[in-house]
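Taking it in order: structure first as structure tokens, then the write-up.
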Amino acid sequence: MNVMTTTIERATIQRWGTGIVQGTVNGHPCRMYEIRPRSLFELLIDAQRWADRTLLVQGNRRLNGAQHLCAVARAANLLRERGARRGDRIMLLGFNHIEWLVAFWAIQCIGATAVFGNRWWSDEETLAALTSIEPTIVLTDKSPSEIGQPVHISFEAVRQAIDNTTDVPLDPEPVDEDAPAVIIFTSGTTGVAKGIVMSYRSVIANIQNLLVLTGRLPSALPASHAGTVSLMTMPLFHLAGLQIQIMNLLSGGTLVFLEGRFDALEALRLIECEQVRAWGSVPTMVSRVIHHDDFAKYDTASIASIPMGGAAIPHELRAEIARAFPKTQRRVGNMYGLTEAGGVLAAGSGKDLDDRPQCVGKPLPTVEVRISEPNLDGVGEIMARTPSATSGFVGDPTPIGNADGWIATGDLGRLDGDGYLYVVGRQKDTIIRGGENIASVHVERCIRMHPDVLEAAVVPLPHADLGEEVGAAVVLRDGATVSATEMTRHAALHLARFEVPTRWWLTYEALPTNASGKVVKRDVVQRWPHDAGSPDSPTEKS
């Protein structure tokens with residue numbers, strides 16, 4: 001072990017701990033780790049314990065930890081040459097690639113705020129975000145005419161800087177842990193996306209919780225720790241993408257990127273070729289991989305862990321995943337979180353979830369959870385208080401939480417006597433039919449129990465008499481011939497009469513999703529076929 005590695009390991013041990021104290025975040029009382037890093041740049045240095053390991057893979061390109069650090073220094077120098085300074089907002093607007101990741105860490109090096117732009121935005125949405133954020137620089141793979149910003153840096157320029165062999169010092173800027181590190185946008189599945197400010201404290205608190213949960217706290221890992229090869233299908237500009245890339249960096253692992261947008265066949269190829277062991281994803285992506293016609297043609301035996309988030313995980317899908325990837329029998333995990341809360345609130349896997357349908361695990365160490373105004377069954381809105389809480393929306397002085405720091409999740413849930421959290425629906429995903437409230441997630445789960453169903457999205461459709469009626473968009477397995485009438489009979493076996501969908505859209509095509517893999521329900525409503533209606537509709541499939 002060389003002197004540099006020894007020095008890094010000693011500093012790492014001093015930077016991370018598991019002890020929890022009572023403190024204050026955003027003016028509210030909160031549980032927090034007593035020993036913690038104060039900046040993201042410190043995490044980059046901690047990762048140099050494994051400088052000689054392959055860190056990033058995309059196509060034919062491979063960078064080890066040392067090459068990544070040099071690339072970050074050169075990209076930071078490029079930003080400074082273009083006028084970037086500490087405290088500036090710099091937008092990253094591009095698809096998943098090595099340059100995006102290097103640029104993110106370069107922004108942390110100069111003490112600026114990284115703004116995560118959604119590359120799938122329309123031009124109108126991009127302009128709205130740029131107007132609200134007013135970034136100093138936009139790093140993007142779009143053309144200058146599409147952006148219209150005074151300072152535009154292409155990711156190709158970042159790649160040229162990375163490939164330059166000139167030695168450049170890192171020279172990191174000091175930052176305050178409560179200063180803004182990242183601006184991340186809500187997913188936009190329920191409305192217009194808003195920028196949310198995350199401080200260094202917020203980002204690190206979330207990561208530290210996850211590291212403690214998985215037993216990978218850097219201070220507890222020896223230099224000989226075997227890193228994990230992880231497949232990256234979540235967008236880097238998504239909160240889950242931020243979590244995955246940082247946790248991989250800190251544990252000496254390898255991060256494998258697709259070369260374009262998500263494609264089930266390419267995911268299968270990479271799992272086999274790179275011997276991927278972990279795949280953090282969303283249920284939709286995993287379902288599309290295991291149901292792909294060519295699934296059996298690929299060697300996927302290396303997969304041992306599939307933590308999922310972003311949507312409720314049907315109990316039936318968990319069983320299918322366990323059969324498709326035998327090593328995940330006890331490691332098909334679920335993570336429940338909220339962007340406004342800065343990350344994951346609860347998590348569980350294996351036997352913790354097997355016999356607990358709708359359970360998402362237990363709250364993470366520094367997360368406090370309570371149920372607001374529970375009904376007789378103990379179901380109410382899930383409220384959370386956590387040190388990862390975000391600082392607020394850009395341009396909106398309204399606090400994220402209430403006066404005591406509790407954040408309303410908008411999700412309906414309950415806590416059992418053993419401290420497990422169950423998510424049973426979403427207040428914003430509720431259909432009101434003739435005065436009766438219907439939780440869409442409950443109806444979707446029952447529909448997915450049908451053997452011919454791959455995916456289901458339940459949405460409110462306007463009704464002249466009832467106000468809203470229940471519409472179910474259903475993706476069928478190839479070759480299935482089930483009718484809307486048959487689906488109605490199936491639903492009636494599991495649901496109350498008023499919960500049974502009265503409009504069906506049966507299709508073999510994938511439902512519209514956003515960049516993070518969630519079904520966009522407003523798009524489902526907008527695309528609803530005119531000839532997809534009641535069980536007696538003459539045309540039942542599209």
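When both bridge partners sit in the chain, DSSP labels roughly 60% of those beta bridges antiparallel. Considering only alpha-carbon pairs that sit under 8 angstrom and 6 or more positions apart, the relative contact order computed for region 236-325 is 27 percent.
Summing Cβ point charges (Lys, Arg +1; Asp, Glu -1) relative to the Cα centre of region 70-178 gives a dipole of roughly 200 debye. A dipole drawn for the chain from +1 and -1 charges on Cβ atoms has a positive end, and of Thr398, Pro174, Gln108 the residue lying farthest that way is Pro174. Across the chain, C-alpha contacts under 8 Å between residues 6 or more apart give a mean separation that, scaled by the residue count, equals a relative contact order of 11 percent. Magnitude of the charge dipole for region 434-526, about its Cα centre and with charges confined to Cβ atoms of Lys, Arg (+1) and Asp, Glu (-1), is about 180 debye.
If both residues of a DSSP beta bridge must be in region 3-260, then about 45% of such bridges are antiparallel. For the pair Arg53 and Glu274 in one chain, pulling the backbone fully straight at 0.36 nm per residue adds 78.1 nm over the alpha carbon distance. Taking the helices alone, the chain has a mean residue ellipticity at 222 nm of -8500 deg cm²/dmol, built from -39,500 (n - 2.57) per DSSP H run of at least 4 residues and averaged over all its residues.
Where both residues lie in region 434-526, what percent of DSSP beta bridges are antiparallel, nearest 5? Here the share of antiparallel DSSP bridges comes out near 70 percent. Label point of Asp396 set 7 angstrom out along Cα-Cβ; within region 63-89, no amide nitrogen lies under 13 Å from it. Expressed as a fraction of 2.2 N^0.38 Å, the C-alpha radius of gyration for region 434-526 is 1.04. Cβ crowding within 10 Å ranks His97, His530 as His530, His97, fewest other Cβ atoms first.
Simple rule: put +1 on each Lys or Arg Cβ and -1 on each Asp or Glu Cβ in the chain, find the dipole, and look at Thr126, Ala267, Val138; the Cα lying farthest toward the positive end is Ala267.
Checked against a 32 Å cut-off, the cross-linked pairs Lys142/Lys428; Lys327/Lys362; Lys327/Lys428; Lys351/Lys518 give Cα-Cα distances beyond that limit for Lys142/Lys428; Lys327/Lys428.
Placing unit charges on the Cβ atoms of the charged side chains and taking the dipole of region 3-260 about its Cα centre, the candidate lying farthest along the positive direction among Ser202, Trp16, Ile153 is Trp16. The relative contact order of region 368-449 comes to 21 percent, based on Cα pairs under 8 Å that sit 6 or more residues apart.
In a simple Cβ point-charge model (Lys, Arg +1; Asp, Glu -1; nothing else charged), the chain has a dipole of about 1140 debye relative to its Cα centre. Here are labelled values, (i) 200; (ii) 164; (iii) 155, and one is the computed volume of the Cα convex hull per residue in Å³ for what I pasted. Which one? Answer by label: (iii). Considering all different alpha carbon pairs of region 332-484, the Kirkwood hydrodynamic radius works out to 17.4 Å. Arranged from fewest to most other beta-carbon atoms within 10 Å of their beta carbon, Ser251, Ser143 become Ser143, Ser251.
Taken together, the values in this text are just the output of simple stated rules run on the coordinates, not laboratory data. As the structure is a computational prediction, the values presented were derived from the model and not from experiment. Counting neighbours? That spans all protein chains shown, and the Cβs are built from the backbone with ideal geometry, glycine included.
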